[in-house]
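Chemist: Dropping the structure in here first, questions after.
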Amino acid sequence: SVTVKDLDTGLAIENARVMVPVTNGTNFPYQVVVTSITGAGTTATVTHTTHGLADNDNILIAGATRDEYNGAYTINVTDANTYTYTTPDTVSGSPAGGTPTATMVLLNGLTNASGVITDSRTYSGVQPVSGWARKATGSPLYRQAPIADTISNTTGLSVTVFLQPDE
C-alpha cells in the first residue's frame, strides 16, 4: 500500500494519482517487447507471448510510434498470449508501430479519503518498484514525489509519501 500525505500538515491527501511500476522482471513483465499491438476504435489488442497477466492488471505500454497506444492501462485478458485495453481516443492507425514494450504496474489509480491506495497479490520473490505520487487536479494541488522501494514477498510493502503543496 501507498499512503499519501501533505508534507506541511501530515493530513491524508484524497485523489492523489499514484503509479508504481516494477523495475525488473523478477515476478512480472518489465520492458518486455510485445509481438504486436493493433487497434480498432478505442480498443487496442496486444499480442504478448505467455504474458502471465490477469484481468484488471495494469500495464504500461511505451515505445509505440502512434502515441495513443502508449500509457498505463487496465487490461482484459483474452488468452495466455493476448490482452486488450481501452485507449482514451480512437486510434489513428494500426498497427501501433515502433517497438512497444510492456511493464507491469502494481498500483495505478487515485488514493481514497484516507490517502491510501492498495493492492494485494502473491510474489515469488522480492520485487523492486519505482514510481510517483502527485495531485495535479482539484485544489489543493501538490508537486510530484518519487516512490522507490522493494516489495517483500513475505511482508509486502507499506510506504508513506509526503507531497509538497504546489499552490
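Chemist: So, taking all protein chains as they sit and a 1.4 Å probe, how much accessible area belongs to residue 68, in Å² rounded to tens?
Modeler: Surface accessible to solvent at residue 68 totals approximately 40 Å².
Chemist: Picking from 94, 164, 69, whose Cα lies most toward the positive end of the charge dipole for region 41-167 (charges on Cβ: Lys, Arg +1; Asp, Glu -1)?
Modeler: Value computed over the given set: 164.
Chemist: Ignoring ligands, DNA and RNA, what percent of the 1.4 Å accessible area of region 72-167 is carbon and sulfur?
Modeler: Ligands and nucleic acids excluded, carbon and sulfur reach 48 percent.
Chemist: Expressed as a whole number of Å, what is the distance separating the alpha-carbon centroids of region 130-167 and region 96-126?
Modeler: What the calculation gives is 13 Å, centre to centre.
Chemist: Specify which labelled value, from (1) 1.09; (2) 1.14; (3) 1.60, agrees with Cα Rg over 2.2 N^0.38 Å derived from the coordinates of the model shown.
Modeler: Label (1) holds the value from this structure.
Chemist: So, one more: Under 8 Å for C-alpha pairs, at least 6 residues apart: give me the relative contact order for the chain, rounded to a whole percent.
Modeler: 33
Chemist: Can you list which of the trypsin sites (Lys or Arg not before Pro) found in region 38-134 are DSSP loop residues with at most 16 other C-beta atoms within 10 Å?
Modeler: Of the trypsin sites (Lys or Arg not before Pro), the ones in loops of region 38-134 whose Cβ has at most 16 other Cβ atoms within 10 Å are 121.
Chemist: Work out how much length residue 139 to residue 36 would gain on full extension: take 0.36 nm times their residue separation and subtract the Cα-Cα distance, in nm to one decimal.
Modeler: That pair, residue 139 and residue 36, stretches by 33.1 nm at full extension.
Chemist: I want to verify the translational diffusion coefficient of region 22-119 in µm²/s; compute it with Stokes-Einstein, Rh as the Kirkwood radius over Cα pairs, at 20 °C and 1.002 mPa s.
Modeler: 157
The values are calculated or read from the model by the stated rules, or taken from the named source; none is laboratory data. Because the structure is predicted, anything quoted here is derived from the model rather than measured. Methodologically, a virtual Cβ is constructed for each residue, glycine included, from the backbone with ideal geometry; neighbour enumeration extends over all protein chains shown. Just the protein is used for accessible areas: all its heavy atoms, side chains included, with ligands, DNA and RNA removed. Shrake-Rupley method; radii C 1.70, N 1.55, O 1.52, S 1.80 Å.
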